[in-house]
Amino acid sequence: MSWNPPSAILPEEREVQMKNLDISRRQFVQVAGAAATTQFPLRGADVPTVEAVVQRVKLALGGQWVTDGVDGFKAGDPNTPVKAIATTAMATMDVLKQAARNGANLIFTHEPTFFGRQDGPAPPRPDGFPGLSADDPVYLAKKEFIDKNGLVVFRLHDNWLSHRSSDMTAGLAEELGWAKNRVRPDDGLYDIPVATAEETVAHIRQKLKLRGGLRAAGDRAAAVKRVLLLPGFTTAAVMLKRYREADLTITGEVREWENTFYAADVFTAGERRGLVTVGRVVSEDPGMRVCAGWLKTVVTEVPVRWIPAGDLYWRAV
C-alpha cells in the first residue's frame, strides 16, 4: 500500500483510510523508512544522558515542577546518552524522521506524540469512548520507529507554559516580523503597520508558510493596527475578555461554535474586527524555536535544533 503524507489528504479522508486499511507495523515502518543517523560532532567530552538533561531543564526553568499534568517521557529509554536535541510543537512521524536523519535522539515536543492528552493507549472512558487502542497499528508502528532509531521523546508543555509562556507569544510575533511592536511586556498585543485585514491575513499566510490551515472571519476590508496574538488554543472565556482589545485576533485554534461565530456576530453587529486561526501546532512552532534557543544555553555539550511540524493541510483548488 502507499502511505499518503498528511499534506496530501483531507482530515476526513484520513479517517476513512484509518478505518478501511489494515496497516501493519511492518508496513508503516517500511514506508516511513529506517532513518540513517548522521551524528553531529559532540562539543564536550562528557555526554549527558537524557535523564540528566531533563533534570537540568527542570532546574533551569525554576519554580515548582508541575507533576500532575501531561509532561514527561512518552517513549524511549531515559538512560540513553544524548547525541543531539530537537524541539518541535508536535513529534509527528515526519519530525521524528528528520530528527533521526540528523542525529538528534532527544526530542522535546510541546503537543502529544500518540494522539491523546496523556500520550498513549487509554482505558475505556465512562462515556464509552475507547480512546487509543493498545494494539492500534499506527501507535505501535510509531513507537517501533522511535525504539528502532534509539529516540527518546519528552513532552514539555505544562511546565514550559508555566514558566515561559510569554516565549510562545514572542516566538510567533518574531516569525511574523512584529517582535519590536509589542505594546507591553509579557502580553500578546502588538501595534503593526496599518493594513487591511485581508492584507494582514496574506502576510500571516506568507510568513508562517501556510497552505490550507488558515481561516479568517470578520471584516476583510477593516483597517488593522493592533493585533492580539494567542498561540495555541483560545478558550471562549479568554476571547470574550480580550477580543475587543484588538482589530485582529490571531490564534491557533478555537471551538468554532463558541469563538468563531461570536466573532461573526460581532461583525454582523457592526464592529470591524476579525479573527484568524492558523492551526494550533503551526501557532506553537515558533515558540518551540525559542525553546531550542533557550536549551542551547542549558545544554552546551550537544547540538540543539528546532524542527517545525508545519501546516499539514492542503489548500483546495
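For this structure, a couple of remarks:
- Residue pairs, from the table Lys58/Lys296; Lys83/Lys148; Lys58/Lys241, whose Cα atoms sit over 25 Å apart: Lys58/Lys241
- For region 242-254, the Karplus equation 6.51 cos²θ - 1.76 cosθ + 1.60, evaluated at θ = phi - 60°, returns couplings of 10, 4, 7, 7, 9, 6, 9, 9, 10, 9, x, 8, 9 Hz by residue, with Gly and Pro reported as x.
- Between amide H atoms placed 1.01 Å from N, distances below 5 Å from Thr80 occur with Val50, Glu51, all of them 5 or more places distant or on a separate chain.
- 5 angstrom amide H check on Arg305, placed H, neighbours 5+ away: Ile85, Ala86, Thr87
- The antiparallel fraction among DSSP beta bridges confined to region 163-281 stands at about 55%.
None of the figures in this text is laboratory data; all of them are computed from the coordinates on show. Just so we're clear, the structure is a prediction, and the values are computed from it rather than from any experiment.
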